[in-house]
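Visitor: To start, I am sharing the structure in question, which I have written as C-alpha cells.
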Amino acid sequence: MRGGRAHSGGRAGPAESRMDREQERPAPSSPAVGSAVCEGVAAERCGGGGLAALPCAMRHLPYFCRGEVVKGFGRGSKELGIPTANFSEQVVESFPPDISTGIYYGWACVGNGDVHKMVLSIGWNPFYRNTKKSVETHIIHTFKEDFYGEILSIVIVGYIRPEKNFDSLEALISAIQEDIEEAKRQLDLAEHLKLKEDNFFHLPEGK
Ligand code: ADP
Ligand code: MG
C-alpha cells in the first residue's frame, strides 16, 4: 500500500555512505517546485518552462510518499545509532526516475503517529548490484520499538548533499550527524514547518 502526491520544497537528508555517484550539488534550495505522485502516477509539472532547468534533486520537491516499512540490507545502521526505515522496491520504483541520489530532509510519520523531522537517503541498492535505488528514512525521534510492516508517510522537503564515500566509520557517522543538524535547522524554517501540518499526514481511520 502506498500513495502520495506533492507540493513545493527545498533541500535535505541523512545517510548511509555507499557507492559514490557523482551528483552535482544543486544551488541552494529554493522553495517548492514540482509535484509528484508516489503511486507510479508521475504527476510532475516540471517538464517545461523554467522548471525544467532546476536540478533533479530540487524540482520534484516537495515529494509526498507513503509505503510499508520493509527489512533492509542489515548493514548495521541501527548499531550506528542511525536506523533507517527502508521502503519496498515497489515504492522506490514509483519515485521519479531522474530524482537525484543523495541526502534529503523532510517530515515523517509512522502509521497515525506524530510527525517528526527526518533525514533520508536515496542511494544505490547494493542488493541489486547498484542498478536500483533504495530509499531509507532516519526519523529524528527515539521509538520504543521497531515498526517493520507499518505504513511510513514522508514528505521530502529539501536536499542536503550527494552521496559520498567516507574513509572511516567515524567520518561517516560525523557526516550523518551534520546532516541531522542541518535537517533540524532547515525544518524549523516557517516555509518548511508548514508541511508538517499537511493533511497528507492525517490518514483516514483504519489505514
Ligand atoms: P534494516 O536494514 O532492516 O533497514 P536498520 O538497522 O536500518 O535495519 O533499522 C531500521 C529499522 O529500525 C526500521 O525499519 C524501524 O523498524 C526501526 N527504527 C527504530 N527507530 C527508528 C528511527 N528513528 N528511524 C528509522 N527507523 C527506526
Ligand atoms: Mg535500514
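What follows is calculated from the coordinates using simple rules that are stated; it is not laboratory data. Keep in mind it's a predicted model, so treat the numbers as computed, not measured. Note that we place each Cβ from the backbone using ideal geometry, even for glycine, and neighbour counts take in every protein chain shown.
Visitor: If you plug each phi of the stretch 165-175 into the Karplus form 6.51 cos²θ - 1.76 cosθ + 1.60 with θ = phi - 60°, what whole-Hz ³J(HN,Hα) values come out, in order, with x for Gly and Pro?
Guide: 9, 10, 6, 8, 4, 4, 5, 5, 4, 5, 5
Visitor: Quick query: amide H of Ser134 versus all other amide H atoms, modeled in the peptide plane; which residues come in under 5 Å with a sequence gap of 5 or more or a different chain?
Guide: Residues meeting the criterion, in which the H sits 1.01 Å from N, are Gly123, Trp124, Asn125.
Visitor: Mind checking which lysines have their C-alpha under 27 Å from Lys71, skipping anything on the same chain fewer than 8 residues away?
Guide: Lys117, Lys132, Lys133, Lys144, Lys164, Lys184, Lys196, Lys207
Visitor: What list of whole percents do you get for P(r) of the stretch 96-207, with Cα-Cα distances grouped in 5 Å bins up to the one holding the largest distance?
Guide: Computed distribution, short to long bins: 2, 11, 20, 21, 21, 16, 7, 2, 0, 0.
Visitor: Looking at the stretch 64-102, which trypsin sites (Lys or Arg not before Pro) are in a loop (DSSP not H, G, I, E or B) and have at most 11 other Cβ atoms within 10 Å? Provide the component values of the computation, followed by the final result.
Guide: Details: sites: Arg66, Lys71, Arg75, Lys78; in loops: Lys71, Arg75, Lys78.
Filter output for the stretch 64-102: Lys71.
Visitor: Starting at the first residue of the stretch 144-152, write each ³J(HN,Hα) from the Karplus equation 6.51 cos²θ - 1.76 cosθ + 1.60 with θ = phi - 60°, in whole Hz, x for Gly and Pro.
Guide: Per residue, the Karplus-derived 3J(HN,Hα) values read 6, 9, 5, 9, 4, x, 7, 8, 9 Hz.
Visitor: Excluding Ala190 itself, calculate the net charge of residues whose Cβ lies under 12 Å from the Cβ of Ala190, where each Lys or Arg counts +1 and each Asp or Glu counts -1. Intermediate results must be reported in sequence, preceding the final value.
Guide: Working: positive: Lys194, Lys196; negative: Asp188, Glu191, Glu197.
Neighbour charge sum, excluding Ala190 itself: -1.
Visitor: If the chain between Gln90 and Glu145 were fully stretched, how many nm would it gain, using 0.36 nm times the residue separation less the Cα-Cα distance? Don't jump to the answer; show the numbers that get you there.
Guide: Numbers: separation 55, 0.36 × 55 = 19.80 nm, distance 2.49 nm.
Fully extending the segment from Gln90 to Glu145 adds 17.3 nm.
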